[in-house]
Amino acid sequence: MDLGIRGRRALVCASSKGLGLGCATALAEAGVELVMNARGAEALESAAADLRGRFGVSVTAVAADIVSDEGRARVLEAAGPVDILVTNAGGPPPGLWSDWTREDFIRALDANMLTPIALMTALLPGMIERGWGRVVNITSQSVRSPIPVLGLSNSARAGLTGYVAGTARQVAQHGVCINNLLPGIHDTDRAAALDAGVMKAQGLTLAEARAQRAATIPTRSYGSAADFGAACAFLCSEQAKFIVGQNLLLDGGATNLTI
């Protein structure tokens, strides 16, 4: 399918690996020019060079901490006017309700709620002026079904979801569509880290911990970054113009919901 976005320009955050790279790859394949951001310069430059070589699109790599004011300013200056924004940030560490301080919540809110909001605040006016835009926020399945050990993530991502619910409906009249993608367990470094925690806590091997989690998913497998990226690219497409303010689960059916 031709997504109708060839020649558009996208900013994809945390895109040197994992789900962010899956999104950047799918957009590059659709002919979108990219501005890729991550903290690690080496991995980011390698990913950017790969996408340039494979798809022949312009790719600008900006190594910076998108959560910091200075880093975000550098990324936005390099990006200039963009048509597509994909926000993404690593999740806060797991733990128990009794472990977390106010400072822990502030850090989680900064990374997983306030930074995406700041990026939208900066870029939505240009999209509105041009009469076309797409924003996809990578959040979590925990927005629909909270995960007890991920209380910091549950809280921050739920806050972002509430913001998007109202904002998306205000800007849709200008041809700008904002939606959220809610990943379940995907084969990424984040999943590996959580599996390692289960392995240590339960005295399992890594393979056993992974198999135990895979058994909780109806597909009996982890998701792939490539499939996740394809879903992201569709939400950024011309055909997605009637999808507004939605929260799309990509979890292999793991979240047990009727609606």
* Structure fact -> Residue ranges of DSSP H helices in the chain that stretch 24 Å or more (Cα, own long axis) and have mean Kyte-Doolittle hydropathy of at least -0.5 are 151-171
* Structure fact -> Each label sits 7 Å from Cα toward the beta-carbon; between Leu96 and Ala211 the label points are separated, in nm, by 3.0
* **Percentage, to the nearest whole number, of Cα pairs in the stretch 1-125 over 19 Å apart** => 48
* **Carbon + sulfur, % of accessible area of the chain - ligands and nucleic acids excluded, 1.4 Å** => 56
* Asked: Roughly how large, in nm² to one decimal, is the mean projection of the convex hull of the alpha-carbon atoms in the chain?
  -> 13.9
* Asked: If you rank Arg169, Arg102, Arg52, Arg9 by how much accessible surface each has, with a 1.4 Å probe, what is the order from largest down?
  -> Arg102, Arg169, Arg52, Arg9
* Ranked packing of 132-138, 226-232, most packed first, by mean Cβ within 10 Å -> 132-138, 226-232
* To do: Determine the per residue accessible area of the stretch 1-106 with all protein chains present and a 1.4 angstrom probe, expressed in square angstrom.
  => 47
* At a Förster distance of 30 Å, what's the computed FRET efficiency of Asp104 paired with Lys200, Cβ-Cβ distance as r, to 0.05? -> 0.90
* Given Cα pairs under 8 Å that are at least 6 residues apart, what percent is the relative contact order of the chain? -> 22
* **the chain - mean residue ellipticity at 222 nm from DSSP helices (-39,500 (n - 2.57) per run, n ≥ 4, rounded to 500)** => -14500 deg cm²/dmol
* Restricting attention to the alpha-carbon atoms of the stretch 176-259, what are Rg (one decimal) and Dmax (integer), both in Å? -> 15.4, 49
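The values are calculated or read from the model by the stated rules, or taken from the named source; none is laboratory data. Given the structure is predicted, the values throughout are model-derived calculations rather than measurements. Glycine gets a Cβ as well: all are built from the backbone with ideal geometry, and neighbour counts include every protein chain shown. Quick note on the areas: whole protein, heavy atoms, side chains included, nothing else; ligands and nucleic acids left out. Shrake-Rupley method; radii C 1.70, N 1.55, O 1.52, S 1.80 Å.
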